[in-house]
Amino acid sequence: MQEDTLKRIDAAAEAMKDQLVRLSLQIHAHPEIAFQERQSAAWLCELLAGAGFAVQKPVAGLETAFRADWLGRGARADADGASGAGAPVRRVPTVAILAEYDALPEVGHACGHNIIGVAAAGAGIALKQAVPDLVGRVVVMGTPAEEGGGGKIDMVNAGLFDDVDAAIMVHPTSGESKIGSTSLATHSIVFNFHGRPAHAAATPHLGINALDAVVQTYVNVSMLRQQMTPDARVHCLITKGGSVINIVPEEAEIRYLLRASTKENLATLVAKVKECAEAAARATGATLKMEEQVGYGARKLNVPLGNAFKAQLRRAGLEVADEPSPSGGSTDFGDVSQKVPAANAYVSIAPKGVAGHSREFAAAAASDAGMAALMVSVKAMAATALAALTDEELRSHMSRAHGARSSQSTIQ
């Protein structure tokens, strides 16, 4: 990329700084939880539409999801030149910049999604303003409910990423800034046990204790832990355990959230945990019903794209770790990364030791450091998107790293 082009991107970002900071603080001050981000999504759509993006909302059957497209003049000119009868349909490189804007219950924007959403919109607009003759399409994808519900999964399944060649996003963090590598795939299961009530003192031998089945499941899974793969994580809550202390519990329930770094490891873990519950049902005589929900896919980093992203973060003035860093958590960006080449940067807004999902992190998301991270993210994402759109060698490396895949992105 030419240096003057990058300078134009930076200048376009700086020209919007007051507007972007104001909107990020506005979203921070009006936190909306998963699938209820009506005002936040509306503000972002208004910003993008005002900058000339074609905004579709809602999409994928999600009220607070949106897709905002801009097709560069160079791509439109190519389309006009190829519009004759029998002319081949030209493929348009397309990059998606992902916006998140949901908050957490009680603690608000304690994951900094106010920064993510505005940075994505700002990056798309800065690129449009700096390189109007771009031969390519820029998409700002508004993805609700990352904190619980996984809007990106619905959007992938609805085909909104079918024409996308690469996807990028940022996420605030504490401590060192870095490119994220792997994250954990998730699967949730509810085990509901039904027994037989009886008087707990007079005739306990006539009852079947559903709570015993829950406790035995808990013990079985706990003993299983030493045979789990090192990447496995298991979380659980006992959500029902009976209602009256002198009645043998008729119904009890335990909920599990299971995580692993690959779908193969996760499938093995799920099967073993199910066997633990089934064994508890047999041992106690209780009846078992299961409810399952497939969660987030494991994130895979596209290394060529991640390296390009790292270079642009450094160019924008950020110190970034040399090596990508795995995450112990989970994100629906993992499902996007399984579909298209993807890279996720973590940009520091707080010192090491400030925990995500804490009130301290929520305060950092509205701090001067948070707004500085916002502007670095705008500049770096716009420049990274430009590289992915214009550097054919980079796109070739990205494609090979991701696996054979044919793009369906065409001028329309």
task: Report yes if some residue within region 375-391 is at pLDDT 95 or above, buried (at least 23 other Cβ atoms within 10 Å of the Cβ), assigned by TED's automatic domain parsing to the domain that holds V92 and not in a helix (DSSP H, G or I); otherwise report no.
output: no
statement: How many residues of region 195-213 are assigned to a strand (DSSP E or B) and within 15 Å of R255 (Cα to Cα)? The answer is 0
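Rundown of residues vs (1) outside any helix (DSSP H, G or I); (2) touching a Pro at 6+ places or on another chain (Cβ under 6 Å); (3) under 20 Å from A267 (Cβ atoms); (4) not assigned by TED's automatic domain parsing to the domain that holds H171, yes/no style:
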| residue | (1), (2), (3), (4) |
| --- | --- |
| L301 | yes, yes, no, no |
| P304 | no, no, no, no |
| F309 | no, no, no, no |
| L313 | no, no, no, no |
| G317 | yes, no, no, no |
| D322 | yes, no, no, no |
| T331 | yes, no, yes, no |
| V336 | no, no, no, no |
field: Meets criteria (surrounded by fewer than 16 Cβ atoms within 10 Å (Cβ to Cβ) and under 26 Å from V107 (Cα atoms)) for R73
entry: no
task: Would you tally the residues in region 259-285 being buried (at least 16 other Cβ atoms within 10 Å of the Cβ), touching a helix residue (DSSP H, G or I) at 6+ places or on another chain (Cβ under 8 Å) and small (G, A, S)?
output: 4
task: Tally the residues that are of a type in the set (S, T, Y) and at pLDDT 95 or above, restricting the search to region 230-266.
output: 2
query: Of the residues in region 42-73, how many are outside any strand (DSSP E or B) and among the hydrophobic types (A, V, I, L, M, F, W, C)?
result: 11
field: Filter result (crowded, with 21+ Cβ neighbours inside 10 Å and more than 21 Å from the chain's Cα centre (by Cα)) within region 24-47
entry: L47
- prompt: For Y296, are the conditions met, namely being touching a Gly at 6+ places or on another chain (Cβ under 7 Å) and buried (at least 17 other Cβ atoms within 10 Å of the Cβ)?
  reply: yes
query: For V140, all conditions in the list (1) surrounded by 24 or more Cβ atoms within 10 Å (Cβ to Cβ); (2) touching a strand residue (DSSP E or B) at 6+ places or on another chain (Cβ under 7 Å); (3) assigned to a helix (DSSP H, G or I) hold save one; what is the number of the exception?
result: (3)
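The values are calculated or read from the model by the stated rules, or taken from the named source; none is laboratory data. Predicted model only: the values in this text are computed from it and were never measured. Positions of Cβ are generated from backbone atoms using ideal geometry, with glycine treated the same way; all protein chains shown enter the neighbour counts.
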